[in-house]
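Comments concern the structure below.
Nothing in this text is a laboratory measurement; each read-out follows from the coordinates by a stated rule. Keep in mind the model is a prediction, meaning the values are calculated, not measured. Here the Cβ positions follow ideal geometry from the backbone for every residue, glycine too, while neighbour counts run over all protein chains shown.
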Amino acid sequence: MGRPEIRHANLSGYYMSAVIKEAELDLRPMREDDLDFIMDIEKQAYEYPWTKTIFNDCLHVGYCCWVIEKGDALLAYGVMSVAVGESHLLNLCVHPDHQSTGLGKMLLAHLLDIAVERYANMTFLEVRPSNFAAIKMYLEHGFDEIGVRRNYYPAKMGREDALILARTVVRGDEFSE
């Protein structure tokens, strides 16, 4: 985790005390120098992670690539493409040690806001049927199941299907809190 900022205060000239300020969350665009940290998270979070080349390609073609960091530690990241009135959430991942803390919801809301800003009318994503926590989060954010991609994901015993989820996004929707 990131180092807390330590600030020393001289109070009335009699003694020194340390005030520990908790590092705040920072939501910012992904950079190429984040990729080694992202790959560490990707390998911890997924049995079949994306490659560094995939992330690098996403950055270079101009996809919406964002991270959440606290201090100098990356906690979550997301990748979304937006074109011709549609957005496609390609990857949304929270470090396993920080899952179920609201970071995924925060990042999803931010990406949906970007979709609206870029005039997308619909957002799509794929999710493993076995990823119950992600499915719950997406359903809570207005996504509906619209189909299944058979044998989409690699799995220990062959392949796993993907649920296709979608939701409309319109100007005036406010996702971020």
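Restricting the GluC sites (Glu not before Pro) of region 118-176 to loop positions (DSSP other than H, G, I, E, B) with no more than 11 neighbouring Cβ atoms within 10 Å leaves Glu174. For region 31-78, applying the loop criterion from DSSP together with a ceiling of 13 other beta carbons within 10 Å to the trypsin sites (Lys or Arg not before Pro) yields Arg31. Note on region 63-87 and region 88-158: Cα centroid distance 12 Å, given to the nearest whole angstrom.
Each residue in His60, His141, His95 was given a count of other beta-carbon atoms within 10 angstrom of its own, and listing them fewest first yields His60, His141, His95. For region 38-120, applying the loop criterion from DSSP together with a ceiling of 11 other beta carbons within 10 Å to the GluC sites (Glu not before Pro) yields Glu47.
The stretch between Met157 and Ala23, if pulled fully straight at 0.36 nm per residue, gains 44.0 nm over its current Cα-Cα span. Among His110, Tyr46, Leu165, which residue has its Cα furthest toward the positive end of the charge dipole of region 24-168, with +1 on Lys/Arg Cβ and -1 on Asp/Glu Cβ? Positive-most Cα among the choices belongs to Leu165. Distance from a point 7 Å along Cα→Cβ of Arg31 to each backbone N in region 42-63: keep the residues under 17 Å and list them by number. Within reach of a label on Arg31: 56, 59-60. Within straight-line reach of Lys52, meaning a Cα separation under 29 Å, sit the following lysines at least 8 residues removed in sequence or on another chain: Lys43, Lys70, Lys105, Lys136, Lys156.
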